[in-house]
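Everything on this sheet refers to the single structure shown next.
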Amino acid sequence: MLSIFGKPGRGAGSAVSRRNFLRIGALGFGASAIGLADVLRAEQSAGKSHKSVINIFLGGGPPHQDMWDLKMDAPAEIRGEFRPIETRVPGIQICEVFPQLANVMDRCSILRSVVGSVGQHDAWQCQTGWPARELQFLGGRPSLGAVTVKVQGPVDPSVPAFVGLADKTSHAPWSDPGSPGFLGPAFGCFKPDGEGLADMKLSGITPGRLNDRRALLASFDQLKREVDASGLMDGVDVFTQQAFNVLTSSRLLEALDLTREDPRVIERYGSGKPFQFQYDGAPTNNEHLLLARRLVEAGVRCVTLSYGRWDSHSKNFDLVRDHGGKLDQCLSALIEDLDERGMLDDVTIVAWGEFGRTPLVNNAGGRDHWPKVSAALLAGGGMRNGQVIGATNRLGEFAESRPIHFQEVIATLYHNLGIDPNSKPIMDQAGRPQRLVEKDPIRELL
């Protein structure tokens, strides 16, 4: 783990390398200080408008026909155990395990015909809209969060634009917060645990001593010669100062500190415990949704998290009762909380997984993988909510009307952030222009 003075275990008199100073300036994000300076420069030019996305990944493939698209006319071996309930929007029904979400359905939209899944057990398409194999030789396509850092930069120099809250999972792809892809590590997310959080704390270091380190950094003649050769030295002085501001601000740490939250609000979201059906996946950590609200309130543009382990090859209905009831509490609380704070129109929430599940219930009472169609729930974002878009056939096998591609969902998130998905492409490492997505935003929501 990187410490403020370099690697642990080095003597007090050891020299501090230029590389470690650069990493300190980059807040331990895996980027160089110049990379962070580029982000800060983008923030200056992008202005202060603050739209955000909270991307809730339901890792494992949630069963669409037991959540948002019940099939009461199907045979029993397909229909399953759940009954539909009415929602606040006449004509829209959802599963009985979501009574609180039913009460906020006027602020939500359900997509019942999401298509384009490649059938892989990972978060990649829910983060980028693209299959993981796309441009793999360059590092892959960048996630929405990474593009947001690249295009818009931070709202506040002391708060990262992109934060990943996902707990580490045994099946690692389910805790992928969103890769920077070919943009490189300078545009990766900040993870507020482990090394990332440790690097946020100036343990025994005062801001004055940190400024001494900044002065020493400025004294590296070789660095100056290298940067002067590219004509960037003047800008480095300004943006390196802003990078140090990240280290000396408490704003991010305060956002991550739930002891500062009203206990009644914490109770409203719940804890999601006891964690059940977790196995190799994520816990049902309700507090992550509350942290997401606090982070966007502090200035974060994109928050990603992984909620639950929905790979229900057996005991599907027990799993949905457990995970669904907990998600019902925290997701409805998030929507109402943002609305009460006047933030809901500026924050887009999406909850979805990598694919759906088989119409036929198997002999173990489970549903297996079904990449042909899945569903998603969106909320907020200033969208035309209170509607269902798309439909599957009677058995929930495929999109019967208005198929919605993963890229259309991602394009909608870009649009809501204020990023035109069809605007000027971003450049890959080979200097070639790459479009963010190849689909348009969902027209019915705009």
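Nothing in this text is a laboratory measurement; each read-out follows from the coordinates by a stated rule. All of these numbers come straight from a predicted model, not from anything done at the bench. Quick reminder, even Gly has a Cβ in these numbers, built from the backbone with ideal geometry, and neighbours come from all protein chains shown.
The residues neighbouring residue 263, those whose beta-carbon lies less than 15 Å from its own, together hold a net charge of -2 under the Lys/Arg +1, Asp/Glu -1 convention.
For each pair in 326/439; 372/439; 372/424, compute the distance between the two Cα atoms and list the pairs where it is over 30 Å. Beyond 30 Å: 326/439; 372/424. Relative to the Cα centre, the charge distribution of the range 54-140, modelled as +1 at Lys and Arg Cβ and -1 at Asp and Glu Cβ, gives a dipole magnitude of about 180 debye.
As an exercise, identify the trypsin sites (Lys or Arg not before Pro) in the range 131-189 lying in DSSP coil whose Cβ has no more than 15 other Cβ atoms within 10 Å. Show your work: numbers first, answer last.
Working: sites: 133, 150, 168; in loops: 133, 168.
Passing sites in the range 131-189 are 133, 168.
Sequentially through the range 121-133, phi angles give Karplus couplings (6.51, -1.76, 1.60; θ = phi - 60°) of 7, 8, 8, 4, 5, 6, 9, 10, x, 10, x, 4, 6 Hz, Gly and Pro residues having no value and appearing as x. Local charge for residue 174 was computed over the other residues whose Cβ lies under 14 Å away, with Lys and Arg +1 and Asp and Glu -1, and equals -4.
Residues whose amide H comes within less than 5 Å of that of residue 373, counting only those at least five positions distant or on another chain, are 356 (H built at 1.01 Å from N in the peptide plane). Between amide H atoms placed 1.01 Å from N, distances below 5 Å from residue 366 occur with 315, 316, all of them 5 or more places distant or on a separate chain. Here the Karplus curve 6.51 cos²θ - 1.76 cosθ + 1.60, taken at θ = phi - 60°, turns the phi angles of the range 264-279 into couplings of 5, 5, 4, 5, 4, 6, x, 9, x, 8, x, 6, 10, 6, 6, 6 Hz, with x standing for Gly and Pro.
Lys and Arg at +1, Asp and Glu at -1: add these up for the other residues within a Cβ distance under 11 Å of residue 417 and post the number. Net of charged neighbours comes to 0.
Couplings 3J(HN,Hα) of the range 70-86, computed from phi: 5, 10, 6, 8, 7, x, 4, 6, 10, 5, x, 9, 8, 10, x, 10, 6 Hz, in residue order, whole Hz [Karplus 6.51 cos²θ - 1.76 cosθ + 1.60, θ = phi - 60°; x for Gly and Pro].
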